[in-house]
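Chemist: I am attaching a structure below and will ask some questions about it afterwards.
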Amino acid sequence: RTLPPGAAVIDLGCGPGFPLTRVLVAEGLSTFGVDAAPSFVRAFQRNLPNTPVVCEAVQDSRFFDRSFDGVLAWGLIFLLSPPDQRHLIGRIAGILVKGGRLLFTSPAKPIVWNDSMTGLESRSLGAAEYRRHMAAVGLSVASEYEDEGQNHYFDAFKDAHSSPQASCPGSPGNARRG
């Protein structure tokens, strides 16, 4: 609830659009979705027909060629390889406006497991590594917390003083485009 109505938010790994993307739309946010699964994108289009969505892997997504006030990556980052996790965090820093927010989930401890929803091998880098990498790309952790389901959340923001070098090469600049 830190973003004003109309703020632009992208949901990475949006799935079929509920419950999270639907909540973002209901809160009056200008919402966009990205998911690599064609079946999820089709379901998203049925569930939220007026919300833009693309079928792209987050590692290669063009992120609608724009910047965002917020990025949501619930249940996604740990599904990627460690190099892809680091790369994605850098790309996220590149599409966030100064002061923009990132909310993602991953276990606080470094661990490898098979994800119960996807069956894929999952890997948390651990809170200390996520904090280090976010700091290196101009993101600061505002808070960390766990919900009733023991999902660990990282709530971060793009530093107002972060330099363009904090963005990942090849990612869109910090100027808003629509």
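Chemist: Taking the Cα centre of the stretch 27-91 as origin and charging only Cβ (+1 Lys, Arg; -1 Asp, Glu), how large is the dipole, in debye to the nearest 20?
Modeler: On the way: 6 positive and 7 negative charges, 17 e Å.
The dipole magnitude comes to about 80 debye.
Chemist: If N is the number of residues in the chain, what value comes out of its Cα radius of gyration divided by 2.2 N^0.38 Å? Before the final figure, lay out the partial values.
Modeler: Values: Rg = 15.1 Å, N = 178, 2.2 N^0.38 = 15.8 Å.
This ratio for the chain stands at 0.96.
Chemist: Going by average Cβ neighbours within 10 Å, how do the peptides 132-140, 105-113 rank, with the highest at the top?
Modeler: Going from most to least packed, we get 132-140, 105-113.
Chemist: In the stretch 1-138, carbon and sulfur make up what percent of the accessible area (probe 1.4 Å)?
Modeler: On the way: 3650 of 6330 Å².
Exposed carbon and sulfur together represent 58 percent of the surface.
Chemist: Cα centroids of the stretch 124-149 and the stretch 67-93: how far apart, whole angstrom?
Modeler: Centre-to-centre distance over Cα atoms comes out at 11 Å.
Chemist: Right, another one. Springs between alpha-carbon pairs under 10 angstrom, Gaussian network model over the chain: which of S30, S67, S143 fluctuates most?
Modeler: Among S30, S67, S143, the largest GNM mean-square fluctuation belongs to S143.
Chemist: At 1.4 Å probe radius, can you tell me the per residue accessible area of the stretch 2-142 in Å²?
Modeler: Numbers: 6230 Å² over 141 residues.
Heavy-atom SASA per residue in the stretch 2-142 reads 44 Å².
The values are calculated or read from the model by the stated rules, or taken from the named source; none is laboratory data. Everything quoted here is computed from the prediction, not taken from an experiment. Note: ideal-geometry Cβ built from the backbone for every residue, glycine included; neighbour counts use all protein chains shown. The accessibility values were calculated without ligands, DNA or RNA, using every heavy atom of the protein model including side chains. Shrake-Rupley method; radii C 1.70, N 1.55, O 1.52, S 1.80 Å.
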